[in-house]
Every structure is written in structure tokens, then in C-alpha cells.
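The values are calculated or read from the model by the stated rules, or taken from the named source; none is laboratory data. Every value quoted in this text rests on a predicted model; they were computed, and no experiment measured them. Every residue, glycine as well, gets a Cβ built from its backbone with ideal geometry; the counts of neighbours run over all protein chains shown. Only protein heavy atoms, including side chains, enter the accessible area calculation; ligands, DNA and RNA are left aside. Shrake-Rupley method; radii C 1.70, N 1.55, O 1.52, S 1.80 Å.
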Amino acid sequence: MHTTIVRSSRALGPARKSFIRRNLPYLLIAPSVVMLLALIAYPLLFALRSSFYFWNLQIGPEPLQFVGFENYVQAFNAFDFRAALANTLILSILGTALEFTFGLAIALILLKALPGMNVVRALLILPTTIAPIVVGFLFRYLYDPGGGLLSWVLQSLWLPVPAEGILGSPSTALAAILFVDIWQWTPFFAIVLYASLLAVPDEILEAARLDRASAWTILMRIKLPLIKRTAIIIVMLRFMQIFNTFDTVLVLTRGGPGTSTRTLGYSLYEQGLVNFNIGLVSAMTWITVLIVNVIVALYVFFAFRNEEW
């Protein structure tokens, strides 16, 4: 009997090793999958369930009544939510486009063999290492109408500054927040695009110069097509980041004046952590998730439809 057990264990040895070798990739990513399910899937499912109930923590700790899609209807009918959606789309689209454009321009300058470029490259990444809320406090003082540096510079250049301040005027507050985001995250585009441009083969560029191709032609016909995939991915990632803008809005304007700088992120914070309206904020969360996923899916479809991997 002992001999039979030993033979059986020896027979199972190769089978067990083969199973582990065959499923090793899945075993390695299993902890990450579990973590993602715990941090993403469960909160989303919890929010989905809560969105169909009237639930306000100021009234009671438990959902009070099933209301179906009433929270979704209330969210869409709320003027501040529609204003937040419009402001978020403006910030996301303009911010991503401008940051990519300025970042590409800086990356092209970094390619030049100019003196001090090593120092510039080292300093360029510093804004992205600062917490957004710290950046918000920094620009809060820079925008201060009573002596802020940016307000003083604009006045020195004879440019109109609202009497209530840059952040206090509905006509300039959203642009001020957009400027803060551009200042902080343009270096991110610059560094990534610079690294991608360094990977463009010199032989191709030399051949184009021998054919007397202009710098603009080389950029549009050679460099940009070769870094297209990297550009598409970082634009998508940055768009999703700006869509969740909250920190700078909280510090600089708290969504004001009025609803001129209210974003979806700030609206979720206000309804969830100020008004404690769990049902409504859950519906708003799912609306935001669906909007982002639709935009990103369309972007990826059109951006990669002619790509071969």
C-alpha cells in the first residue's frame, strides 16, 4: 500500500508542475484582479444599487424607499448638474488639446542641441510632482486681486482684470482653472512626447532631409505618424484625469461664482459628502461613468481603427 501511495504522488508531480506552468500568468495577475474587483467593481455595484433608492444620511442610515430612475431624472433636470457637465467637457477637451499642443512644442524644442537643455529637462517635470491641492493654494495667492502676481502682471500689461478678481468673475474663473491645469500638466506631455521623438530613427530623418523635406513636412509626415500610438494613449489618459478634476476647483472657487466653475467631481463631492444624498450621488456617479466610457470608446474606435498591432 505504501508503494502505491508513493507511485501516485510521483505521478501527480509532473501533472501539478504542468498545471502551474500553464496557468502561471493567470496566477500572477490574480492578486491584481482581486484588488481591482475590491476597489472598483464592488463600489460601482454598490452605487448602482443605491442609485435606485431614496437615501439621505441626514434622515436615516438606511435606504428609505425604492424610487426607480427618479434619482437619474432628478440629476439630469438639475441645472447645476448640467452646468457641471458642460464645464467638465470644456475643461477636458480644451485642456487636453492645449496641453498636447504646448507639450509637443516644448518636446520639439528639447530636441534642439541648445545650451542648458539638461537643466530644463530636469526642471520641467517638477510641476507634475506637486499635489493638485498644493498647486491650487499656490495659484489662489497668485490670482489674489489684492496683490497676486498674476493679477499685477495683467494690470501692468493694461489687460482688464475684473474688480471682483480673476476667480471671482464668472467670465474668467473657468479660464483661470484651465490655466492652472495647463501649467501643471503640460510638462507631462512634453516629457512623454520628447521620449517618443527620441525613438524616431535618425536614418529616416536624414533621408527626408536629403530629399529636401521641410521641417513641417518631417513633423507631419514622419515624426507624428511614428509617435501616433503614444500620443493617442496619453491624450486618452489625460482626458480621463481632467474629467475627474476636483482638487483645484475645491481650493480655488468651490464651484463658483454661481455654477461657472462647477465640475462633475465637485458636484459628486457636494452631494455625497456635504448633503449626504447617497441615492442622488450614486446616480450621478453612474451617469459620469457612462459618459466617460462612451467618449473614450468612441475616441479609441476612431483613433485606432486604421492601426495594425
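Within the set of other residues whose C-beta is less than 13 Å from the C-beta of Ala190, count the net charge using Lys and Arg as +1 and Asp and Glu as -1.
Cβ neighbours under 13 Å give a net charge of +1.
Where only protein heavy atoms count, and the probe is 1.4 Å, what is the accessible area per residue for the range 90-263 in Å²?
54
Evaluate the charge dipole of the chain about its Cα centre and quote only its size in Debye, nearest 20, assuming +1 on the Cβ of each Lys and Arg and -1 on the Cβ of each Asp and Glu.
Taking the Cα centre of the chain as origin, the dipole is about 1420 debye.
Leaving ligands, DNA and RNA out of it, rank Ile182, Ile90 by accessible area with a 1.4 Å probe, largest first.
In descending accessible area the options line up as Ile90, Ile182.
Would you work out the relative contact order for the range 110-219, in percent, from Cα pairs under 8 angstrom that are 6 or more residues apart?
Taking the mean separation of contacting Cα pairs over the length of the range 110-219, I get 27 percent.
Out of every Cα pair in the range 90-263, what percent are spaced more than 23 Å from each other?
Tail fraction, whole percent: 50.
For every helix of n ≥ 4 consecutive DSSP H residues, a contribution of -39,500 (n - 2.57) applies; sum these over the chain, divide by its total residues, and give [θ] at 222 nm rounded to the nearest 500 deg cm²/dmol.
My calculation for the chain gives -21500 deg cm²/dmol from helical runs alone.
For the chain, which whole percent of the accessible surface, found with a 1.4 angstrom probe, sits on carbon and sulfur atoms?
69
Over all distinct Cα pairs, what is the inverse of the mean 1/r for the range 190-309, reported as the Kirkwood hydrodynamic radius in Å?
Computed over Cα pairs of the range 190-309, the Kirkwood hydrodynamic radius comes out at 17.8 Å.
In Å and on Cα atoms, what radius of gyration and Dmax does the chain show?
In Å, with Rg to one decimal and Dmax whole: 26.3, 99.
Place a +1 charge on the Cβ of each Lys and Arg in the range 90-263 and a -1 charge on the Cβ of each Asp and Glu, then give the dipole magnitude about the Cα centre in debye, rounded to the nearest 20.
My answer is approximately 260 debye.
Would you be so kind as to identify which of Ile222, Leu250, Gly279 lies farthest towards the positive end of the dipole of the chain, taking Lys and Arg as +1 and Asp and Glu as -1 on Cβ and the Cα centre as origin?
Ile222
Just how large is the dipole of the range 110-210 about the Cα centre, in debye to the nearest 20, putting +1 at every Lys and Arg Cβ and -1 at every Asp and Glu Cβ?
Approximately 120 debye in magnitude.
For the chain, list the DSSP H helices whose alpha carbon atoms reach 30 Å or more along the long axis and whose average Kyte-Doolittle value is 0.0 or above?
2-36, 79-110, 173-198, 278-304
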